[in-house]
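Worksheet: the structure to be examined is printed underneath.
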Amino acid sequence: MQRLKLFSILKHSFQQRRCFSALPSYTLNDALQEQVLVEGRAKSRAAILNKPSSLNAISTSMAGRLNKLYESWEDNSEIGFVLMKGSGRAFCSGSDVVSLYHLVNEGKVEECNAFFETLYKFVYLLATYMKPHVAIMDGITAGSGAGISLPGMFRLVTDKTVFSAPETQIGFHPDAGASYYLSRLPGYLGEYLALTGEKLNGIEMIACGLGTHFSLHQRLPSIEERIAKLITDDPSVIESSLAQYGDVVYPDITSVLHKMELIDRCFSHDTMEEIVEALENEAAETHNEWFTTVLKKIKEASPMSLKVTLQSIREGRFQPLDQCLAREHRISMNWITKKVSSDFSEVPIT
């Protein structure tokens, strides 16, 4: 029933529980099936994002297939839990911004809307999933790639994991639930990550709560082999298996997490103008190159993206996920129709 709340908030096409009647009809042809592969295990299923040439960037059809697969698996009593991973050097680099960029510039608003609705529905489906979920976030995990993994129960990160929310750098805003999970990070770390597009590694993700388990990349085959043999729907059993191959890790001395006092001091302000002023004052007073680097990244981003992103995260801090997704949907649609800004459509993306 909780899922109905999100669907009714988003659009009329969300009024029926997990209904895709208002969206394009997805033909599960060979090409589409190859983009999201399925592996059957003893008591589980694995969804494998399989577009390595585009770093597994998620498209409308991929999100639609994920929705249908996950719905069928949730209703199947023979399946105890679900796993998701990516092919190649990325888990998921985020939304297929190249296709979205072209759709925006061709004026195909309905196709853009279908993408956001399908993607956000999957994010919420995963957040309310009735079965344990394991996301193996090995490699690049950016933007919507985090949105389709972080809401799940278990998030396994590795020494190859690279997390980021780079949307302001391309004239957009962090979406797919970003205003929910970024706003719940320690202090004002979420604002810092969203406004600068700065990256976190797997160890840092564990330290700030984005990841639940850490393992070296080279151990993944052993972990997957063990998980594949599990005949259970008990989260504690899955957790024990993940922990068996896990490592206790701590951020190194160069980690941005050791600069939380500086981040909180600068990024706690109410407006972008005040944040920039605080960074400029710190740079002038301390001659610390870190402040100069942060300022450079902010000034390279879209000014409107920065303002909208800051407000979105601040509102998200006091909203549940369904309200965050509904608000992000409104922002996204206003963005692609250029009611807010034309920055995204003007950024050269090929």
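List of remarks:
- Candidates 203, 140, filtered to the one that is within 16 Å of residue 257 (Cβ to Cβ) and not small (Gly, Ala, Ser): 203
- Tally, over the stretch 192-211, of residues that are closer than 27 Å to residue 104 by Cα and over 14 Å from the mean Cα position of the chain (by Cα): 3
- Pairs meeting the criteria (first residue in the stretch 221-248 and within 14 Å of residue 45 (Cα to Cα), second residue at pLDDT 95 or above and among the aromatic types (Phe, Trp, Tyr), beta carbons under 7 Å, at least 6 apart or on different chains) are 233/81; 238/81; 238/154.
- Enumeration of residues in the stretch 283-299 that are of a type in the set (Lys, Arg) and either touching a helix residue (DSSP H, G or I) at 6+ places or on another chain (Cβ under 9 Å) or under 14 Å from residue 259 (Cα atoms) (or both): 297, 299
- Scanning the stretch 80-90 turns up at least one residue that is modelled with pLDDT of 95 or more, in contact with an Asp or Glu (Cβ under 6 Å, 6 or more places away or on another chain), of a type outside the set (Asp, Glu) and in a loop (DSSP other than H, G, I, E, B).
- In the set 263, 227, only one residue is modelled with pLDDT under 95 and either among the small types (Gly, Ala, Ser) or buried (at least 18 other Cβ atoms within 10 Å of the Cβ) (or both); that residue is 227.
Condition check ((1) part of a loop (DSSP other than H, G, I, E, B); (2) over 16 Å from residue 179 (Cβ atoms)) across all residues:
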residue: 260; (1), (2): no, yes
residue: 270; (1), (2): yes, yes
residue: 277; (1), (2): no, yes
residue: 280; (1), (2): no, yes
residue: 292; (1), (2): no, yes
residue: 298; (1), (2): no, yes
residue: 305; (1), (2): no, no
residue: 323; (1), (2): no, no
residue: 332; (1), (2): no, no
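- Hits in the stretch 146-164 (condition: of a type in the set (A, V, I, L, M, F, W, C) and either at pLDDT below 95 or touching a Lys or Arg at 6+ places or on another chain (Cβ under 7 Å) (or both)): 162, 163
The values are calculated or read from the model by the stated rules, or taken from the named source; none is laboratory data. Values in this document were obtained by computation on a predicted structure and should not be read as measured data. Cβ atoms come from the backbone with ideal geometry, glycine included; neighbour counts cover every protein chain shown.
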